[in-house]
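This report concerns only the one structure given below.
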Amino acid sequence: MAYALKMTELPFIFLLNRLPELTRANLMLRVFAWKNIRLIRYIRPRVLEIDDSHCLVKVPLDRRTRNHLQSQYIGSLMIGADLAGGLLAFRKASQLGRGISFAFKDVHAEFHKRAEGDTHFLCSDGEIINEALQRAFTSDVRINQPVQIRVTVPSVLGSEPVASFVMTLSIKARQESD
């Protein structure tokens, strides 16, 4: 069933589309977190950069995300990695104007050092995600595509990675009904 646009939503959509892309991305992230996954809202992530090729998400180190060793808790690291890859996939699917169902099927994580500051998660696999989306739209099968997320703490270690994730993005195009 197609979604019918209500007249009361038109001003909101008009205003939303006039916002700068980064502001719009953070607003949509907050709305999604509030409606669907409140744990995301609890750790207060921010989208720092997003475009066709990459997504950079920041998770602050504070009382909500800090473990007993004064470093980023593993759950916070997983949420940040999930968001960096997931937001990029969602953005690319939205640009194509097609509905998708996606989730991360599995995760391989390597932790190199403690994340003792605000943590940045970078997914630069925009082209790979785009190709996977195209394959999903032209077939009826679920497409599994590994994406890489690099984790850094710029305030403490500069560009040296503290962790790296390889997450398998599982994508299936939604069937359009008339």
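Please treat every number below as a calculation from the coordinates, not as lab data. Because the structure is a prediction, the values reported are computed rather than measured. With ideal geometry, Cβ positions are generated from the backbone for all residues, glycine too; neighbour counts draw on all protein chains shown.
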- Among D82, D62, what is the fewest-to-most ranking by other Cβ atoms within 10 Å? D62, D82
- Going fewest to most other Cβ atoms within 10 Å around each Cβ, L122, L169 line up as L122, L169
- Amide H to amide H, which residues 5 or more places from L61 or on other chains are under 5 Å from it, using H placed in the peptide plane? D118, T119
- Note on the structure: In the list [x] 77, 30, 22; [y] 54, 37, 24; [z] 50, 35, 33, the entry giving Cα extents along the principal axes in Å computed from the coordinates is [y]
- Please give every one of the lysines within straight-line cross-link reach of K172, meaning a C-alpha to C-alpha distance under 26 Å, and leave out same-chain neighbours fewer than 8 residues apart. K35, K92, K105
